[in-house]
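Working notes, structure below.
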Amino acid sequence: MGLDPREGSVRGDGIMIRIEFHRLRFLVVDDNMHMRRIVRQLLHGFGSREIFEAEDGAAGLEAFNGHNPDIVITDWAMPILDGLELTQMIRKPDANANPYVPIIMLSGHSEKSRVMQARDAGVTEFLAKPIAAKALYERILSIVLNPRPFIRTATFFGPDRRRNVNPNYTGPERRKGKEGGETIPVTPLASQVLHAGGPAEQRPMAASSVRRTPRSAGATG
Amino acid sequence: MVKSPIQQAEETKFSDHTMIVPPHRLKSVITHTTEQGDFAMDVVARAEAALSEIKHEFRSWMSSECEALEAARNEMRSQGPSAEALQKVSLAAHEIKGHAAVLGFPLAGRIAAILCRLLAYAPNPQLVPLAVIESHVDAIRAVVREQIHSINDKTGKEIFERLTLIVETFLSQELGEAYANIAGDAPLAVQPAKRAGGK
């Protein structure tokens, strides 16, 4: 049995994986003070102690630059700078100290088109309101245990939108577009890792984005 | 000198994109233990317990969310259904849609969700009958005032279903064939009504 955050972080060899929440620093950006309080209370329950708050996207960006949090949790609909714009500002390469910071979009906009829009802005995980402790925990676990590589193209900068790697897929590389498409064969090393698994830190890039857990309800791609 | 995450990231360039492996900054918070127990469930249970500690505040929070919605409705009444006024109603309803269930009022959240749906999908929200919007605001207020916490409350459920029927019928009439694109997300399956004039 492999690492599976959805099954209590238990590994088959009897080793438990734990997250030291007290060492994680969060930034919660939401214009609704009740929601900020709820999220803060949940994070406190997880064991987190350093939780910074901001009431709009502009204040969120300032807090992000000032506190350098490990994880950002942001609402979508906010005055001045909304959560989508905040994400885009954070994801500007070279504009911030850490454009790779994991961002959880916590939003009441749960329509598929919105989730795709958030994903394309560079959001790491999407969490639909109403918030639940288990769902928030799962998103944080996913971020900590399964960090995804980043992709930079002419029009996108953010976490790899591909959640799954099909080890049998050897067809055209759609990321390269219809015209520039080329067939990327699976390399022997990648094939070996994809089929055999192994410690994440030893896997090559393509394999490190493999999720062994069921696809979450969050951002996809 | 400590390198920044950007300096530590490993890049692999392809013809039209670059793949970047940022430093795994959070790796240090992962620990391994042989202790027995369901750590994940313990953590979630602790968080839920922490949330319960502030439960006594939820009713007043919900009331203030309702007041914000009523204020937006009153502004719409006095100024007419301008795009700005409708946007304020929509935003206030959106807040309730997102928070009400956590605050113990899931039915209020569901009613707010259909109001959001109505204002989001109506081709011209300014043509939405004001009485329909007002009905939603009043229903949310009533659910909170009467402390209806269960989505199976008989009266509350009936109100929700009636409002859903009104909204879905309106949207199906206004959207025509395009209604099929959003019908799947309707909270209740509603038979699309035919447009007046046989369209």
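The number of residues in the range B:115-141 that are within 11 Å of chain A (Cβ to nearest Cβ) and more than 10 Å from the chain's Cα centre (by Cα) comes to 2. Would you point out the residue of the range A:57-109, among those that are among the small types (Gly, Ala, Ser), more than 9 Å from every other protein chain (Cβ to nearest Cβ) and open to solvent by 20 Å² or more (accessible area, probe 1.4 Å), that is farthest from B:Ile111 (Cα to Cα)? Applying the filter and picking the extreme gives A:Ala95.
Looking at B:Asp16, B:Asp42, just one residue is farther than 17 Å from A:Arg139 by Cβ, assigned to a helix (DSSP H, G or I) and charged (D, E, K, R), and that residue is B:Asp42.
What residue, of B:Ser82, B:Ser63, B:Ser78, is more than 28 Å from B:Glu146 (Cβ to Cβ), surrounded by fewer than 19 Cβ atoms within 10 Å (Cβ to Cβ) and among the hydroxyl-bearing types (Ser, Thr, Tyr)?
B:Ser82
Residue by residue through the range B:28-54, note down the ones that are facing chain A (nearest Cβ under 7 Å), open to solvent by less than 90 Å² (accessible area, probe 1.4 Å), at pLDDT below 90 and within 30 Å of B:Phe105 (Cβ to Cβ). B:Ala40 - this is the single residue of the range B:28-54 that is facing chain A (nearest Cβ under 7 Å), open to solvent by less than 90 Å² (accessible area, probe 1.4 Å), at pLDDT below 90 and within 30 Å of B:Phe105 (Cβ to Cβ). I'd like the full set of residues that are facing chain A (nearest Cβ under 7 Å) and surrounded by 12 or more Cβ atoms within 10 Å (Cβ to Cβ), limited to the range B:10-27. Within the range B:10-27, B:Thr12, B:Asp16, B:His17, B:Thr18, B:Met19, B:Ile20, B:Val21, B:Pro22, B:His24, B:Arg25, B:Leu26 qualify.
Taking the conditions exactly as written (in a helix (DSSP H, G or I), over 26 Å from A:Ser142 (Cα atoms) and more than 11 Å from every other protein chain (Cβ to nearest Cβ)), does B:Glu57 satisfy them or not? Considered against the rule, which asks whether it is in a helix (DSSP H, G or I), over 26 Å from A:Ser142 (Cα atoms) and more than 11 Å from every other protein chain (Cβ to nearest Cβ), B:Glu57 comes out as no. Within the range A:139-180, no residue satisfies the criterion of being away from chain B (no Cβ under 11 Å), at pLDDT 90 or above and surrounded by fewer than 20 Cβ atoms within 10 Å (Cβ to Cβ). Once the range B:95-114 is narrowed to residues that are open to solvent by 20 Å² or more (accessible area, probe 1.4 Å) and within 11 Å of the chain's Cα centre (by Cα), the residue that is farthest from the other protein chains (Cβ to nearest Cβ) is B:Arg110. Assessment of the range B:145-163 against the conditions (among the hydroxyl-bearing types (Ser, Thr, Tyr), under 20 Å from the mean Cα position of the chain (by Cα) and part of a loop (DSSP other than H, G, I, E, B)) yields at least one matching residue.
The values are calculated or read from the model by the stated rules, or taken from the named source; none is laboratory data. Remember, it's a predicted structure, so these values are computed and weren't measured experimentally. A quick note on method: Cβ atoms are made from the backbone with ideal geometry, for glycine too, and the neighbour counts reach across all protein chains shown. Surface areas here come from the heavy atoms of the whole protein model, side chains and all, with no ligands, DNA or RNA. Shrake-Rupley method; radii C 1.70, N 1.55, O 1.52, S 1.80 Å.
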